[in-house]
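Comments concern the structure below.
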Amino acid sequence: MLVHQSELLQNNTVVVQGRAGVLLIDAGITGGEMACLANDLSELGQPVVAGFSTHPDWDHVLWHAGLGEGPRYGTARCAADMRDLRSKADWKARAAEGLPPEIAEEIPLDVYGLIAGLPAGTTHIPWDGPKVRIIEHPAHSPGHAALLIEERGVLVAGDMLSDVFVPMLDNLNSTNDPIEEYLTGLQLLENVADNANVVIPGHGSVGEADELRTRIELDRAYVQALRDGGVSSDPRIGPSAKPGWEWVSDIHAGQVQQFAKKKEQDNE
């Protein structure tokens, strides 16, 4: 297994080596980064035979022509979200709206979001390599899934269990409960923690088994504080935030405001 980390947001792309080539999980961000990765894999004689997007956020559904035309899998919900976006005449403009302006021109959008949805209930990625278990859950966004590479003991967590980002909850609407959904997702990850020696978050540093447990508890405490209206002492925000990541406090402040307002409305 190999991990490539993007510079801007510390996105982790995971390369799992199989018999005939590699499985590429969350391919990367900029065209230059993905082209470099494609060249490195070509030099290793490791073609990309399949891809997987852990969820439908913009930075997890990108691709590059140099990575080939193998199937790009995701959950059925993830694929449906992308189909809905691409069905709109102005889908490229909509996708571009969410891109960081400093790298927007470097991000290829032509094959953005072309995800093949796996049937509901699919437990493993269909490919000729190590067994990769799919752990679909409702946390963070619709169609989110973590992956457990079983014989390697590696948990690819998607946009959870980061050492630089606090939990980022799904947008509130009239039918969801993002806090309970996030707690459900954390529980499902905790259920497989005994089988994992390494955790790879969507953003940030790779952690070992003891760090995995610590991150689960840290994320749970943060979400519970949002739910209960308490003050979070999370080290990823405030003066203890990693240098260069102080802006995560703005994400936190927005979430506090959003869920405090919902709590007020529920009590009316």
Lysines with Cα under 26 Å of K263, excluding same-chain neighbours fewer than 8 positions away: none
Filtered GluC sites (Glu not before Pro), segment 90-127: DSSP coil and at most 11 other beta carbons within 10 Å: E102
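If I compute solvent accessible area with a 1.4 Å probe over the protein chains, what percent of it on the chain is carbon and sulfur? Show your work: numbers first, answer last.
On the way: 6100 of 12370 Å².
Ligands and nucleic acids excluded, carbon and sulfur give 49 percent.
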V48 long-range amide H proximity, modeled H, under 5 Å: V22
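Work out which trypsin sites (Lys or Arg not before Pro) in the chain are exposed loop sites (DSSP not H, G, I, E or B, at most 12 other Cβ within 10 Å) and give the longest gap free of them.
Numbers: sites that count: R19, K88.
Answer - 89-268.
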Accessible area per residue, Å², the chain with all protein chains present, probe 1.4 Å: 46 Å²
Charge dipole of the chain about the Cα centre (unit charges at C-beta), most positive-ward option of G129, A146, A93: G129
Theoretical gain in end-to-end length, N176 to A260 [0.36 nm per residue, Cα-Cα removed]: 28.7 nm
J(HN,Hα) series, segment 200-214, from Karplus relation 6.51 cos²θ - 1.76 cosθ + 1.60, nearest Hz, glycine and proline x: 10, x, x, 9, x, 8, 6, x, 8, 4, 5, 5, 4, 4, 4
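The values are calculated or read from the model by the stated rules, or taken from the named source; none is laboratory data. No experiment lies behind these values; they were computed from the predicted model shown. All Cβ positions, glycine included, derive from the backbone under ideal geometry; neighbour counts span all protein chains shown. Accessible surface areas use protein heavy atoms only, side chains included; no ligands, DNA or RNA. Shrake-Rupley method; radii C 1.70, N 1.55, O 1.52, S 1.80 Å.
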